[in-house]
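A.B. asks: My questions all concern the structure below.
The values are calculated or read from the model by the stated rules, or taken from the named source; none is laboratory data. This structure is a prediction, so every number in the text was calculated from the model and none was measured. We place every Cβ from the backbone using ideal geometry, glycine too, and count neighbours over all the protein chains shown. The accessibility values were calculated without ligands, DNA or RNA, using every heavy atom of the protein model including side chains. Shrake-Rupley method; radii C 1.70, N 1.55, O 1.52, S 1.80 Å.
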Number of protein chains: 2
Amino acid sequence: MLRTHTCGELNMTHEGLEVTLSGWLQRSRDMGGLTFIDLRDRYGITQLVFNLEVNTALCMEARKLGREFVISVNGKVAERSNKNPKMATGDVEILVSSITVLNVSKTPPFTIEDNTDGGEELRMKYRYLDLRRNANKKNLELRHKMAIETRNYLSSLQFIEIETPYLIKSTPEGARDFVVPSRMNPGQFYALPQSPQTFKQLLMVAGYDRYFQIVHCFRDEDLRADRQPEFTQIDCEMAFVTQEDILVTFEGLAKHLFKSVLDMEMGDFPRMSYNQAMTLYGSDKPDIRFGMTFTEVTDLVKGKNFKVFDDAELVVGITASGCSEYSRKQLDELTDFVKRPQVGASGLVYIKYGLDGVAKSSVDKFYTAEELTAILAKFNAKPGDLILILAGKKEKTQTALGTLRLEMGKRMKMTVPGDFKPLWVVDFPLLEWDDETRRYYAKHHPFTSPVLEDIPLLDSDPGVVRANAYDLVINGVEIGGGSIRIHNKELQKKMFTILGFSDDEAADQFGFLMNAFEYGAPPHGGVAFGFDRWCTIFGGGESIRDFMAFPKNNSGRDVMIDSPSPIKAEQLKELQINLMK
Amino acid sequence: MLRTHTCGELNMTHEGLEVTLSGWLQRSRDMGGLTFIDLRDRYGITQLVFNLEVNTALCMEARKLGREFVISVNGKVAERSNKNPKMATGDVEILVSSITVLNVSKTPPFTIEDNTDGGEELRMKYRYLDLRRNANKKNLELRHKMAIETRNYLSSLQFIEIETPYLIKSTPEGARDFVVPSRMNPGQFYALPQSPQTFKQLLMVAGYDRYFQIVHCFRDEDLRADRQPEFTQIDCEMAFVTQEDILVTFEGLAKHLFKSVLDMEMGDFPRMSYNQAMTLYGSDKPDIRFGMTFTEVTDLVKGKNFKVFDDAELVVGITASGCSEYSRKQLDELTDFVKRPQVGASGLVYIKYGLDGVAKSSVDKFYTAEELTAILAKFNAKPGDLILILAGKKEKTQTALGTLRLEMGKRMKMTVPGDFKPLWVVDFPLLEWDDETRRYYAKHHPFTSPVLEDIPLLDSDPGVVRANAYDLVINGVEIGGGSIRIHNKELQKKMFTILGFSDDEAADQFGFLMNAFEYGAPPHGGVAFGFDRWCTIFGGGESIRDFMAFPKNNSGRDVMIDSPSPIKAEQLKELQINLMK
C-alpha cells in the first residue's frame, strides 16, 4: 500500500509515529516560514507541515504543488499547537520529511468544496471531480450502507437474492420499454425490464417463497424532474402470505434501516385507507408530519347564491393556524398558486378569523356573520386562524387542496429536517377510469389481486373494486408499493379483458405467466421500494441524482461520457437495422 | 402466514403439536388403509398421513390430489413407526385433520426429481418447474450465499459498493456491444456495458479508493458452450496499491469464500508466472490438482533424421505414470484426440517404458536404445510409464500438449470432486501479436499498465513487455483477472497508438477517461471475477446455466418468455429505426 494510514485516522495516540499518507492536495497556505497543506482522501483530511528553515528545499517543493495534485508523504505525527476540534484529525499534524508526487492535476474547473462554484452541467461533465466533494461521498456511503443492511436483514429472514435477467421481452402495457436489437435473431428485440415483476412471480411458482433483489430497472419516459431512465429497486416477493404478513415483514425492514442507518427507533407505522388519505389529505401519499387535515363544508355552504359553491361537488378547506393576519399580497399569492395549471383550482376562498374575534372572508357578501361563524365552528377555528377553501369536482378539488396544504406546510415551516413519519396507505382501488380513452387502467399493475369479497363487483361495478395493494409513504414521498398478486389463470385472464387486452394480446405478452399459473402457483404477493428515493429521503436530499454515482440529465444523456452517441454503420448492418432519415 | 412451520423443520421435539404446513404435493402413496403424501416446500419434505378408517372423507379427498397441487394442511405432529434417517424430518409425520387446496396443477411435463426425465429444451421452457428441482434450488442458494459473503467481506475491509450505469456508450474495441436506441436522441444509441471498467477507474479518480460491485455485464458474442449474453461479475478496484496489495486482498476474499461457503481452510495460494505456466502446463490457467508437468527434449531428439523433430521449434512431452500397457487402440485414440482441429497437433509420439524395463516407441527406427534411455532419463521415467510427446511451433505445441495433459488427467482420474487448487498466474505479456491482422492486441485490456521497468521496451520490442496483470485460477478454470491500470494520460495515449487507435478514435471513445487522468488520478488497479463461473466451480457443476435462475439458450433466446421477439411498428417509429428487409 502506498500509505500506512488514511487521512482520517491519526490522533494523539499516534504522536511520534513515522507514517506514510497518500491523497489529494485540498488546499495549501504559506504562513511566514511555514507551509501547511491539507491532504484529503476518502476518510478525511490531515494537515501537513513544512518548515522553510528546517528543510528549505522540501518546503519550496511543497509550495509548488497545486490543488488536487496526488501526493504521498512520509513524516512524523506531531501535536498541533493550534488544535481544530471540528476535525477528527484536528489534534495532530504531520512533520513531513519527504514528498512523492504520484500525479499532477490541472486546475479543476470548479472548487472541490461543500459549497462549490460549479454549476450542475459542469459538475456532471466532470462527475469524477464532483464525486470528490464531501456531500456526494456521504450520499454514496449512505447508499452502500442502506444496501448492505437491506441485504443482511432480508437474508436473516431467509429471503434469497436471485438475479433475474436484464434482456427480457417488450410488453407495451405500462411505460415505454428500452429495447435491444438482437443480432442473432434479426428483426427481433429484447427489452430492458421496467421491473422484474413477472420473473419474481415465476420464482414464487418455482417455490422460492422469499425472494428479493436490489436491481436496476429501466423506463423510456420523458424525464421529469427526479426521474431517471435507469433506477434501482429493492424488489421483494413472498409466497403463502396475506397482506398483513407483507406489511409486518417490510415494516420490519424499514425499522431496521431507520435503526441501523439513522440510529432512530421507530414505533409501529400507522395505516390509512386510500379513501381516508384522499378525504383528509387530498393525496394518496400524505405527509403526516403535520396535521392541517381537510374539513368538508359542502352541505353548510350551499344554497346561498354563491354559484361556485352551489355548483361544486365538494367544498373543502384547511385551517392555517395563526395566519389570520396574512396580507392581501400573501392571499393573492396563494390564489395564484392554486390557479397554476399544475394545481388547477379555479379560485381560492378564505376566511380570516381575526385575533379580535371578527371573521372576514372573500365571500362576505354571500354569507351572514352567523353563517360564517357556523363554518368556522365546523373547522374548529380559533381566533388567529386562516381558513382556506377550494370547491369543484371531488377528486380534483381534493388533490388541489392537498397541494395547497403542502405549500402552507412549507410556508408555515411545519416540518423539521430529521423528522420521519412513515405510513402505510392501504385499500387502493383496483382500477382507474380514464375519461379520455374511455377504459380502465390498473391503478397498480395488471397482476394485482382484487380484495376477495369484491371480486363479484368486477362485472357489475369495476370502479369500486378494492385492490389488495399498499404503499409505504415517508414524509409524503411514496417509498414503495406492492400487492397480493393474482395466482389463478382465470382471474388473471379476466383482469386482462377488463384492461382491454384481447385474448391474443394477453397470451402473446403474458402467456408464460398464465401457463405457469396452471402448474401449482401458490398464493403470493410482494413489494418494490424505490431505492434511489429511499436513500434520498434518508440522506435529507432533494434529488435522486445526488444519490447516484453517474446519473443522466433531463435529456437522458450522460454528458461525461457523451452518451448516447452514433454507432458505426457496420454495427447497424450486423443488427439489420437502418436509421430513418 | 398460510403456515406455522416449513416442511423442513419438524422433528420429535414438535411431537403432539398442532401445525399448519403449505407446499406442493411431491408424491402420494396408498398403502392399504393409509395414504401418505410427501409435502414439499423450499425447506424440505414432510410426510402427511391420512387414515381411511379414521376419516374416510378426508382420506378420499387426499387421494384425489395430483402431483404439484398446492395445498395447506392442519394436523398433529406424530412419531413415525418407520423412521427415515435420510430426511431431516424423517422421524415424524403429520396426522392431517384438514386440507385446503390452494391451487391445482396440470401434470407437469417432466418429473420434479433430482434425476428428471425432462430434456434441456423442455426444462428451459418450463424453467419455473425446473427450478423446483432440488439441484437447482441448491445452486441458487449457494449463489446467494456467495454474494452475501462477498459483500460482507469486502464491506468489512471498507470497500464500498457503487452502482454504475447500464446505459453507457458503445466502444468497438473488444467484444461486440449490445446497443439500445435512444428515442430522445434519435439516431443515437446507448450500449450495455461489457464491464464497468472505465467507470470503476473514474471512481478511483474520484477518490473512492476501494470499490466493488456485483454487476451484470453484456457481450453480444456468438455463444459457445457456457457463454451467456449476460453474466455477472464481482468487479473490484483499489487506489494507492501495488499488485501485491491486490493479490493479498483478494486472496483473502477467496479464502473467506472457501471457509464460509464450503467450510474449507485454504493455505496460501501459489503463484506462477505466465511463462512458467505455459512451459510446465501449456496453459495460462493450469489445473494444478495433478502434476504431469512438461519435459522439454528438443535438444536431445534433434539430428537423428526424424524430420518432424528436426523441423520443430519445440519437442515436449508428459509422463503418464502406470500407462505403459496402453493398447494400440488407446494410443490411436490419443493420436486422434491431438489431431482434432480444436487441439491441432500433427501427430503424437509415444514411448512405452515397459514394466520389464524395455522401452518401445513409435519412433524406434530413428533412435537407438541408448538414445531412448537418455530421453526416458530426461523424463525421470520409471518402468510402467508412458511418455507422450508433441512437436512443432512453440506456443501451439505447448497448448496442444496442455490439452492432452488435461485429457490424460481425466482418463487417469487424477482429480477428485471437492478438491480445490487455486493459483495466481502473474507476469502476463502486455500485448499479443495477431498474424492475420498484423497488429498487436491487448492481452488483457488497453488500460493495463506495463511493468515499470519494461516501459522502455514499448518502442523497441513491444511483444516482450510484461503487464502488471494477474489471473486467479481454480482447478484449471480462470475465475478472475485484473491488473494495475495506467493512470497517466501520455502512457494511455501511447498504449492506444500501439493498439492501432488513431488519436481521434482514442479521444472519441475514451477521451473522458484520458481527461480524467489530467485531474489527479491516483495509482490504481483491480480485478473482476466471473461470478457465475465461481459459483459453478464451488457448486461442483458443469455449466454456468445451472447457476443462473433464467439463462438463455445457445441462440441467445429465453425460450420460456419467448424473447427476443418482434416489436410493434409504433415502437420502431418512435425510435426512428427501420428493419432491413
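A.B. asks: Has region B:147-155 got any residue that is crowded, with 19+ Cβ neighbours inside 10 Å, under 30 Å from B:Val179 (Cβ atoms) and among the charged types (D, E, K, R)?
C.D. replies: Scanning region B:147-155 turns up no residue that is crowded, with 19+ Cβ neighbours inside 10 Å, under 30 Å from B:Val179 (Cβ atoms) and among the charged types (D, E, K, R).
A.B. asks: Run down B:Gly500, B:Gly539 and say which single residue is under 28 Å from B:Thr448 (Cβ atoms) and assigned by TED's automatic domain parsing to the domain that holds B:Tyr440.
C.D. replies: B:Gly500
A.B. asks: If you don't mind, there's one more thing I want to ask. Provide a single number: the residues in region B:449-478 that are hydroxyl-bearing (Ser, Thr, Tyr) and in a helix (DSSP H, G or I).
C.D. replies: Residues meeting the conditions: 1.
A.B. asks: While we're looking at this one, here's another question. Do we have A:Pro109 as within 14 Å of chain B (Cβ to nearest Cβ) and over 30 Å from B:Gln243 (Cβ atoms) here?
C.D. replies: Judged against the criteria, A:Pro109 is a match.
A.B. asks: Tally time: how many residues in region B:218-230 are within 15 Å of the chain's Cα centre (by Cα) and either more than 15 Å from B:Arg176 (Cα to Cα) or at the interface with chain A (Cβ under 10 Å from one of its Cβ atoms) (or both)?
C.D. replies: Here the count works out to 6.
A.B. asks: Hey, could you check region A:434-448 for residues that are over 19 Å from A:Val241 (Cβ atoms) and in a loop (DSSP other than H, G, I, E, B) and say which is least open to solvent (accessible area, probe 1.4 Å)?
C.D. replies: Selected residue: A:Pro446.
A.B. asks: Just checking, does region B:190-199 include any residue being at the interface with chain A (Cβ under 10 Å from one of its Cβ atoms) and open to solvent by 30 Å² or more (accessible area, probe 1.4 Å)?
C.D. replies: Within region B:190-199 (the criterion being at the interface with chain A (Cβ under 10 Å from one of its Cβ atoms) and open to solvent by 30 Å² or more (accessible area, probe 1.4 Å)), the answer is no, since none of the residues qualifies.
A.B. asks: A follow-up question, please. Run down A:Glu141, A:Glu121, A:Glu149 and say which single residue is within 12 Å of chain B (Cβ to nearest Cβ), in a helix (DSSP H, G or I), of a type in the set (Asp, Glu) and touching a residue at least 60 places away in the same chain (Cβ under 8 Å).
C.D. replies: A:Glu149
A.B. asks: So B:Arg210 ticks every box in (1) within 14 Å of chain A (Cβ to nearest Cβ); (2) under 26 Å from A:Leu2 (Cα atoms); (3) surrounded by fewer than 17 Cβ atoms within 10 Å (Cβ to Cβ); (4) among the charged types (D, E, K, R) but one. Which box is left unticked?
C.D. replies: For B:Arg210, the exception is condition (3).
A.B. asks: Being open to solvent by less than 40 Å² (accessible area, probe 1.4 Å) and in contact (Cβ under 8 Å) with a residue 12 or more places away in the chain: is that true of B:Tyr470 here?
C.D. replies: yes
A.B. asks: Within region A:407-417, is even one residue touching a Gly at 6+ places or on another chain (Cβ under 8 Å) and in a helix (DSSP H, G or I)?
C.D. replies: no
A.B. asks: Say whether the condition of being of a type in the set (Gly, Ala, Ser) and open to solvent by 50 Å² or more (accessible area, probe 1.4 Å) is met by at least one residue in region A:530-539.
C.D. replies: no
A.B. asks: Within region A:346-369, which residues are in contact (Cβ under 8 Å) with a residue 12 or more places away in the chain and closer than 19 Å to A:Asp299 by Cβ?
C.D. replies: A:Val349, A:Ile351, A:Ser361, A:Val363, A:Phe366, A:Tyr367
Listed here are the residues, each with its yes/no results for (1) farther than 26 Å from A:Ile479 by Cα; (2) outside the structural domain of A:Gln398 (by TED's automatic domain parsing); (3) open to solvent by 20 Å² or more (accessible area, probe 1.4 Å).
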| position | (1), (2), (3) |
| --- | --- |
| A:Leu280 | no, yes, yes |
| A:Val308 | yes, no, yes |
| A:Ser321 | yes, no, yes |
| A:Val338 | yes, no, no |
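A.B. asks: For region B:152-175, name all the residues that are more than 7 Å from chain A (Cβ to nearest Cβ) and either touching a residue at least 24 places away in the same chain (Cβ under 8 Å) or outside any helix (DSSP H, G or I) (or both).
C.D. replies: B:Tyr153, B:Leu154, B:Leu157, B:Gln158, B:Phe159, B:Thr171, B:Glu173, B:Gly174, B:Ala175
A.B. asks: For B:Tyr350, only one of the following conditions fails: (1) among the hydroxyl-bearing types (Ser, Thr, Tyr); (2) at pLDDT 95 or above; (3) surrounded by fewer than 18 Cβ atoms within 10 Å (Cβ to Cβ). What is its number?
C.D. replies: Just one mismatch for B:Tyr350, condition (3).
A.B. asks: Go over the candidates A:Ala381, A:Ala391 one by one and state the one that is touching a Phe, Trp or Tyr at 6+ places or on another chain (Cβ under 6 Å), farther than 21 Å from A:Phe306 by Cα and surrounded by 15 or more Cβ atoms within 10 Å (Cβ to Cβ).
C.D. replies: Going through A:Ala381, A:Ala391 in turn, just one is touching a Phe, Trp or Tyr at 6+ places or on another chain (Cβ under 6 Å), farther than 21 Å from A:Phe306 by Cα and surrounded by 15 or more Cβ atoms within 10 Å (Cβ to Cβ): A:Ala381.
A.B. asks: If you take the residues in region A:119-146 that are among the acidic types (Asp, Glu) and over 30 Å from B:Glu149 (Cβ atoms), which one is surrounded by the fewest Cβ atoms within 10 Å (Cβ to Cβ)?
C.D. replies: My answer is A:Glu121.
A.B. asks: Restricting attention to region A:14-25, and to residues there that are open to solvent by less than 10 Å² (accessible area, probe 1.4 Å) and not β-branched (Val, Ile, Thr), which single residue is nearest to A:Arg132 (Cα to Cα)?
C.D. replies: A:Trp24
A.B. asks: Go through region A:77-87 and count every residue that is modelled with pLDDT under 95 and of a type in the set (A, V, I, L, M, F, W, C).
C.D. replies: Result for region A:77-87: 1.
A.B. asks: Now for a different question. Checking the structure you have, find out if any residue of region A:219-237 is within 18 Å of A:Asp471 (Cβ to Cβ), open to solvent by 20 Å² or more (accessible area, probe 1.4 Å), modelled with pLDDT of 95 or more and among the aromatic types (Phe, Trp, Tyr).
C.D. replies: Taking every residue of region A:219-237 in turn, at least one turns out to be within 18 Å of A:Asp471 (Cβ to Cβ), open to solvent by 20 Å² or more (accessible area, probe 1.4 Å), modelled with pLDDT of 95 or more and among the aromatic types (Phe, Trp, Tyr).
A.B. asks: Can you report the number of residues in region B:1-37 which are without any contact (Cβ under 8 Å) to a residue 40 or more places away in the chain, under 24 Å from B:Ile112 (Cα atoms), in the same structural domain as B:Ser81 (by TED's automatic domain parsing) and not hydrophobic (A, V, I, L, M, F, W, C)?
C.D. replies: Residues meeting the conditions: 4.
A.B. asks: Sticking with this structure for a sec: Could you check, for region B:383-403, whether at least one of its residues is touching a strand residue (DSSP E or B) at 6+ places or on another chain (Cβ under 8 Å), assigned to a helix (DSSP H, G or I) and among the aliphatic types (A, V, I, L, M)?
C.D. replies: yes
A.B. asks: Sticking with this one: Restricting to region B:1-37, give me the number of residues that are in a strand (DSSP E or B) and in contact with a strand residue (DSSP E or B) (Cβ under 9 Å, 6 or more places away or on another chain).
C.D. replies: Residues flagged as in a strand (DSSP E or B) and in contact with a strand residue (DSSP E or B) (Cβ under 9 Å, 6 or more places away or on another chain) within region B:1-37 amount to 17.
A.B. asks: Which residue, of A:Val241, A:Val180, is in contact with a Leu (Cβ under 8 Å, 6 or more places away or on another chain), among the hydrophobic types (A, V, I, L, M, F, W, C), closer than 24 Å to A:Ile479 by Cα and within 7 Å of another protein chain (Cβ to nearest Cβ)?
C.D. replies: After ruling out the rest, the residue left standing is A:Val241.
A.B. asks: Ok, one more. Examine region A:539-557 for a residue that is under 28 Å from A:Phe189 (Cα atoms) and free of Cβ contacts under 8 Å to residues at least 60 places away in the same chain, and state whether such a residue exists.
C.D. replies: yes
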